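Values in this text are rule-based calculations from the coordinates and carry no lab data. Note that the structure is a prediction, hence the values are computed from the model and not measured. Ideal geometry is used to build each Cβ from the backbone, glycine not excepted, and the neighbour counts take in all protein chains shown.
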Amino acid sequence: TQLLEQSPQFLSIQEGENLTVYCNSSSVFSSLQWYRQEPGEGPVLLVTVVTGGEVKKLKRLTFQFGDARKDSSLHITAAQPGDTGLYLCAGAVEAGNNRKLIWGLGTSLAVNP
Amino acid sequence: EADIYQTPRYLVIGTGKKITLECSQTMGHDKMYWYQQDPGMELHLIHYSYGVNSTEKGDLSSESTVSRIRTEHFPLTLESARPSHTSQYLCASSGVGTSDTQYFGPGTRLTVL
């Protein structure tokens, strides 16, 4: 069974603090994606990382893909209440003639003003 | 922006009723998915389709059924709803050249009394 461990599961911080969310697996991924989901809505893609060691920045969010393409991190600088939501990582693995996504359990982030 | 639609957004029904949750996408994606998700929790894949007339069961056992007669349409049916079916149901699609990205609909929040 392929697993993608995501931590922490819950995080409550004050506005202005920094945080990091981790996704770890023993599987090698062809790509890894980060999604953000707000209550009552579907997840929305934030970023896709493909190359080992790749770093991508999206305003105050920094995403890193591990050198071996088995893990990834999401770092948020100076968190704001608008960052509140469920953050999900998903790794793509080969499945026969197709690729499938392995989903992490999610990190529920609350940023308090 | 993704063009994937789900109806209804909210549904409250009594036990034993037959229901169909609709999902349509206008992006021409060949792959479509149904997920079940409790609030703030992980996604569970219950059905997927890699093309017309192709459907497969996902990782989580579900009493629902799906059909894929047209590329753009992937309805999910529950023959006899039960309170244990109460959950959020999310539809997603992906296609060639999207780097495995899944585009999600807004979800249907189902409550079975």
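Numerical summary
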quantity	calculated
Lys, Arg +1 and Asp, Glu -1 on Cβ, resulting dipole of chain A about Cα centre, debye, nearest 20	280 debye
Alpha-carbon radius of gyration plus Dmax, which is the widest Cα pair, for chain A in Å	13.8, 48
Two-decimal ratio, region B:60-113, of alpha-carbon radius of gyration to 2.2 N^0.38 Å	1.33
Relative contact order (%) - criterion: Cα under 8 Å, at least six apart; region: chain A	36 percent
Backbone HN-Hα couplings from phi across region B:17-29 [Karplus 6.51/-1.76/1.60, Hz, Gly and Pro as x]	6, 8, 9, 10, 9, 9, 9, 9, 9, 10, 9, x, 5
About the Cα centre, charge dipole magnitude for chain B (Lys/Arg +1, Asp/Glu -1 at Cβ), debye	420 debye
Percent RCO, i.e. relative contact order, over chain B, from Cα pairs under 8 Å lying at least 6 residues apart	36 percent
Dipole-positive endmost among B:76, B:89, A:106 within the protein assembly as shown (Cβ charges, Cα centre)	B:76
Student exercise, the protein assembly as shown dipole from Lys, Arg, Asp, Glu Cβ charges, in Debye to nearest 20	280 debye
Cα-based reach from residue A:100 at 17 Å (exclusive), listing lysines while leaving out same-chain residues under 8 positions away	A:70, B:31, B:57
Spin-label pair residue A:62/residue A:94, simplified geometry with 7 Å Cα→Cβ offset, distance in nm	3.4 nm
Cα radius of gyration and Dmax for chain B (Å)	13.3, 42
Sparsely packed trypsin sites (Lys or Arg not before Pro) within region B:10-47, loop by DSSP, other Cβ within 10 Å at most 15	B:17, B:18
